[in-house]
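Read through the structure below, which is laid out as structure tokens, and then see the notes.
The values are calculated or read from the model by the stated rules, or taken from the named source; none is laboratory data. These numbers were taken from a predicted model, which means no experiment stands behind them. All Cβ positions, even for glycine, are placed from backbone atoms using ideal geometry, and neighbour counts span all protein chains on display. Ligands, DNA and RNA are excluded from the accessible area calculation, which covers all protein heavy atoms including side chains. Shrake-Rupley method; radii C 1.70, N 1.55, O 1.52, S 1.80 Å.
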Amino acid sequence: MSTSFSRRLLLAVGLTGIFVVATGVRAAEPKPVDVSHYKDPIKLACVGDSITEGAGASDPKRGPYPKQLAKLLGDKWDVKNFGVGGATMLKSGDKPYDKQGKYKAALEFKPDVVVLKLGTNDTKPQNWSHKDEFVASAKEIIDAFKKANPHVVIYVCYPVPAFPSNYGIRDEIIKNEVLPLLKEVAADEKTEVIDLYSAMAEHGKLFPDKVHPNDEGYGLIAAAVQKALLGK
């Protein structure tokens, strides 16, 4: 890892409090997972859209953030990628996550920990016209994982920014509407929050198409998630 990349990791992960003012939606420092409670490898499901799946990564076997996260976490964790390109949180979206095969597979995995990162594709005009259903849709997904494993620990991610838009995805909707709704969901469902919006806010150069990060950007996401899960 280069010195410059290490400095960027420290800036993005260690100083997120500087950037949180830009979102207007403060997220409390997430509580880490108590790894001492697990004898077997901790089953971690990374649930999300193309940014979880790894669109834009140079090597799908190494670049996506769940792959980089697995290396950071080590053998104590069993990390699975359940990302689906184009997926929405909204049940009335044009590609609802809960209708995808990977959703069923993620539930069958019965994860101990879920990192849920949806909401980006919901900002497309044809999807956000159903925004009144967003909170209920998010809660239904969260409740399904709680049913699959009553002891599951769930982290709701604020989506990364768009810089500022592409594919119909709009940063002003992410920042001003999706983030507050996810804050509401997390409070009601008593889940933790990982503020990836703030962590990536100063790294637009790592998003070549304005929406999907490159390998270095995925590395920053992985580091932010690792810090949330381990508290370090």
Notebook entry, point to check: Per residue, how much accessible area does region 151-232 have with a 1.4 Å probe, in Å²?
Noted result: 37
Checklist line | Taking the chain and dividing mean pair separation by its residue count, relative contact order in percent (alpha carbons under 8 Å, at least six apart) | finding: 27
Notebook entry, point to check: Out of the DSSP beta bridges found with both residues in the chain, what percent are antiparallel (nearest 5)?
Noted result: 10
Notebook entry, point to check: Which pairs, out of 71/205; 43/99; 31/210; 147/232; 76/232, put more than 26 Å between their alpha-carbon atoms?
Noted result: 31/210; 147/232
Item checked: Calculated SAXS-style log₁₀ I(q)/I(0) at q = 0.10, 0.11, 0.14, 0.18 Å⁻¹ - region 56-151, Debye, Cα scatterers -> -0.30, -0.36, -0.58, -0.90
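Could you work out the local net charge near residue 102, counting Lys and Arg as +1, Asp and Glu as -1, over the other residues with Cβ closer than 14 Å to its Cβ? It would help to have the intermediate numbers written out before the result.
Details: positive: 80, 95, 99, 104, 117; negative: 49, 53, 98, 108.
Surrounding charge for residue 102 is +1.
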Margin query: Please report the equivalent ellipsoid semi-axes of region 165-232, computed as sqrt(5 x eigenvalue) of the Cα gyration tensor, largest first, in whole Å.
Written below: 22, 19, 8
Next item on the list: Evaluate the chain: find the radius of gyration of its Cα atoms, find its Kirkwood radius, and give the ratio Rg to Rh.
Entry: 0.93
